[in-house]
Amino acid sequence: MPHALDLTPRPDDRNSEIWTAWTKLQENGVVSYEQDPERNLAVGEREDCTRFSRFCGFSGLVLDVGCGPQPWPAYLSGSASGTVFCGVDPLVGDKPGKYTRVRGLAEYLPFRRGVFSHVVFATTLDHFVSPHAALVEARRVLIPSGTIEVWLGQKAEDTPAPDKSHDWYDQLIKPAGAEDVFHMERLDEVAAINLFDSAGLQVVGKKSYQAGEYRTDNFFRLAAG
Ligand SMILES: C[S@@+](CC[C@H](N)C(=O)[O-])C[C@H]1O[C@@H](n2cnc3c(N)ncnc32)[C@H](O)[C@@H]1O
């Protein structure tokens, strides 16, 4: 792990069933990020990443929570000049990055309170053991005028199984307690708004985009209520 500080905590409950399930999901995620990075991470020229970047309007000091293992998440491009980015993710550090990154967990952010102008969750909240704890942490590290930007992909209930799938995908195992082979619990718009409310956050901006026939990208801007 030569390319980042490791600030991952070792809380007592990390041996619990839910963290064991999360560890398996992370292993599945790594397979998908290595086998098909363009479809599973924000890399390359992607219209959805450009839209999210525009929605966020980054400036100041920005924290990307669950930034991914890639050197540079595509949605961080297009910010105001002088913007400084920092990322946190349990997978950073094995390969070099193009901005400051820390290996750590969203539920236990290794930063002091009141420092970031933006905190970003780009297709990550549904991967966490506790999205509630992650949002409370995001609120803690935000400056009073700061905002949290969230990107959640929502799949239609009638989404058909793909015509053909890859061998690497067919070999992934869904652990007990997880919703599918990658996600702890997917969040539709209603579940997301209830979650934000429970963390003391208000929705102050929202946009939805149809991304293909069965997927909607929901973008939310949140502020401390
Ligand atoms: C679908 S990827 C998205 C990565 C990046 N935001 C992007 O769009 O390219 C989900 C990311 O969430 C990270 N993640 C999962 N659990 C996490 C946690 N508890 N704290 C921080 N990041 C986590 C994974 O390691 C993975 O990099």
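The values are calculated or read from the model by the stated rules, or taken from the named source; none is laboratory data. Predicted model only: the values in this text are computed from it and were never measured. Please note: Cβ atoms are built from the backbone with ideal geometry, for glycine as well, and neighbour counts cover all protein chains shown.
Some observations on this one:
- Selected residue (criterion: nearest to the ligand (Cβ to nearest atom)) from residues of region 1-27 that are modelled with pLDDT of 85 or more and more than 18 Å from VAL92 (Cβ to Cβ): TRP19
- Restricting region 54-76 to residues that are near the ligand (Cβ under 9 Å from one of its atoms) and touching a residue at least 60 places away in the same chain (Cβ under 8 Å), the residue that is surrounded by the fewest Cβ atoms within 10 Å (Cβ to Cβ): GLY66
To keep it simple, each residue is scored yes or no on (1) loosely packed, with under 15 Cβ neighbours inside 10 Å; (2) acidic (Asp, Glu).
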{"position": "VAL150", "(1), (2)": "no, no"}
{"position": "ALA156", "(1), (2)": "yes, no"}
{"position": "ASP170", "(1), (2)": "yes, yes"}
{"position": "VAL181", "(1), (2)": "no, no"}
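- Where a residue in region 154-166 is touching a residue at least 40 places away in the same chain (Cβ under 8 Å) and its partner, wherever it lies, is among the aliphatic types (A, V, I, L, M) and surrounded by 10 or more Cβ atoms within 10 Å (Cβ to Cβ), with Cβ under 8 Å and at least six apart: GLN154/LEU187
- Residue check for ARG51: more than 8 Å from the ligand (Cβ to nearest atom), of a type in the set (D, E, K, R) and in contact with an Asp or Glu (Cβ under 9 Å, 6 or more places away or on another chain): yes
- Test set (1) crowded, with 18+ Cβ neighbours inside 10 Å; (2) over 24 Å from HIS118 (Cα atoms); (3) not polar (S, T, N, Q) - LEU201 fails condition number: (2)
- Counted residues, region 151-200 - those being within 11 Å of ASP126 (Cα to Cα) and in contact with a strand residue (DSSP E or B) (Cβ under 8 Å, 6 or more places away or on another chain): 8
- Pick from region 77-130, criterion β-branched (Val, Ile, Thr) and more than 18 Å from GLY57 (Cα to Cα), ranking: nearest to the chain's Cα centre (by Cα): THR124
- Screening region 98-125 for residues that are closer than 19 Å to TYR33 by Cα and out of contact with any strand residue (DSSP E or B) (no Cβ under 7 Å at 6 or more places or on another chain) and picking the one that is nearest to the ligand (Cβ to nearest atom) gives LEU105.
- Of the helices (runs of 4 or more DSSP H) lying entirely inside region 1-74, those containing at least 1 residues that are aromatic (Phe, Trp, Tyr) and touching a helix residue (DSSP H, G or I) at 6+ places or on another chain (Cβ under 8 Å) are 17-35, 47-56.
- Within the set ARG103, ARG140, ARG113, the sole residue that is in contact with a Ser or Thr (Cβ under 9 Å, 6 or more places away or on another chain) and basic (Lys, Arg) turns out to be ARG103.
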